[in-house]
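Everything below concerns the one structure shown next.
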Amino acid sequence: MAARILVDPLSCVSLSLECLLQGTVIGKGTGFIVIRNGTNYLITNWHVVTGRDPNTGQPMSSTGAVDPDTIGIWHHDANRLGSWHLKTERLIAASTGNHLWREHPLGRQIDVIALPLSTHEDTRVYNLDISLAQTDLVLSPSEPVSIVGFPFGIAAAGKFPIWKTGHIASDIDLHYEDKPVFLVDATTTPGMSGSPVFARRLGMHRSSTGWNIGGGDIVRFLGVYSGRIREESDVGMVWKPGVIDEILRS
């Protein structure tokens, strides 16, 4: 009898992304799916789908490649966990040249987008339950968090993501540079932009009513990782979950 293989449910949430321009891969990233009003939306960073610095609009790659027209998403097979299908979605409308993703009302100032996706009979969606952002788990600076994505486009096995551990580097309720962002101290790399960030505690944890002992696994969704504040720094930015709701309501 074959040994049973256990895969964390959150490992199924993060998806490997490839951004293409006229069929050539010009960038890689991470994303995840949320469902709103029956539509599947890919959540990732604005800079992932444009190749541009959201602050300056300039190319982020040393090659100067920007504005991919298509994104490839490695979806899970509908019937067999551990198999994947690469599906492509248009980023730019061929008829108008307009982008097909939804942005925040503040545009690229909020480095998060939502791309409506096609459905496929041969794939299965493991969507992120956005209500995990409301988990009653009180967090403080220096506490560990998990950034679940694809550093340099590398996977742990097949297309399962790599879990990188970081630590909260700012009070989570404060806004870095007056943006809905908090900071993490983590050794991250290109390819991890768009990764979901989680705090997970086993057993004892702190809630709004005090310390709790037992109760099993508790998870809080903290937001969308978008890269380091400077290239030479290990301090990175996490966009808070509220921006996703603001995008999908806009």
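The values are calculated or read from the model by the stated rules, or taken from the named source; none is laboratory data. The model shown is predicted, which means the values in this text are computed figures rather than measured ones. Because the Cβ atoms are built from the backbone with ideal geometry, glycine has one as well, and the counts that use them run over all protein chains shown.
The single residue among Ser16, Ser11 that is hydroxyl-bearing (Ser, Thr, Tyr), in a strand (DSSP E or B) and either within 21 Å of Thr189 (Cα to Cα) or assigned by TED's automatic domain parsing to the domain that holds Met192 (or both) turns out to be Ser16.
Residues in the stretch 138-186 that are assigned to a loop (DSSP other than H, G, I, E, B) and either hydrophobic (A, V, I, L, M, F, W, C) or free of Cβ contacts under 8 Å to residues at least 12 places away in the same chain (or both): Val138, Leu139, Phe150, Ile154, Ala155, Ala156, Ala169, Ile172, Asp173, Leu174, His175, Ala186. Please determine whether any residue of the stretch 224-240 is within 30 Å of Ile5 (Cβ to Cβ), outside any helix (DSSP H, G or I), not acidic (Asp, Glu) and not assigned by TED's automatic domain parsing to the domain that holds Gly82. Scanning the stretch 224-240, I find at least one residue that is within 30 Å of Ile5 (Cβ to Cβ), outside any helix (DSSP H, G or I), not acidic (Asp, Glu) and not assigned by TED's automatic domain parsing to the domain that holds Gly82, so the answer is yes.
Residues of the stretch 205-250 that are under 21 Å from Val148 (Cβ atoms) and charged (D, E, K, R): Asp217, Arg220, Arg228, Asp234, Lys240, Asp245.
Can Arg36 be described as in contact with a helix residue (DSSP H, G or I) (Cβ under 9 Å, 6 or more places away or on another chain) and surrounded by fewer than 22 Cβ atoms within 10 Å (Cβ to Cβ)? Judged against the criteria, Arg36 is a match.
Cβ contacts < 7 Å: first residue among the hydrophobic types (A, V, I, L, M, F, W, C), restricted to the stretch 67-86; second residue part of a loop (DSSP other than H, G, I, E, B), any location; separation 6+ or different chain. Result? Final answer for the pair search is Ile71/Leu91; Trp74/Lys159; Ala78/Glu121; Ala78/Asp122; Leu81/Val7; Trp84/Gly158; Trp84/Lys159. Scanning the stretch 43-86 for residues that are part of a strand (DSSP E or B) and touching a Cys at 6+ places or on another chain (Cβ under 9 Å) gives Thr70, Ile71, Gly72, His76.
For Thr188, the criteria (1) among the hydroxyl-bearing types (Ser, Thr, Tyr); (2) out of contact with any Gly (no Cβ under 8 Å at 6 or more places or on another chain); (3) surrounded by 15 or more Cβ atoms within 10 Å (Cβ to Cβ) hold in every case but one, which is (2).
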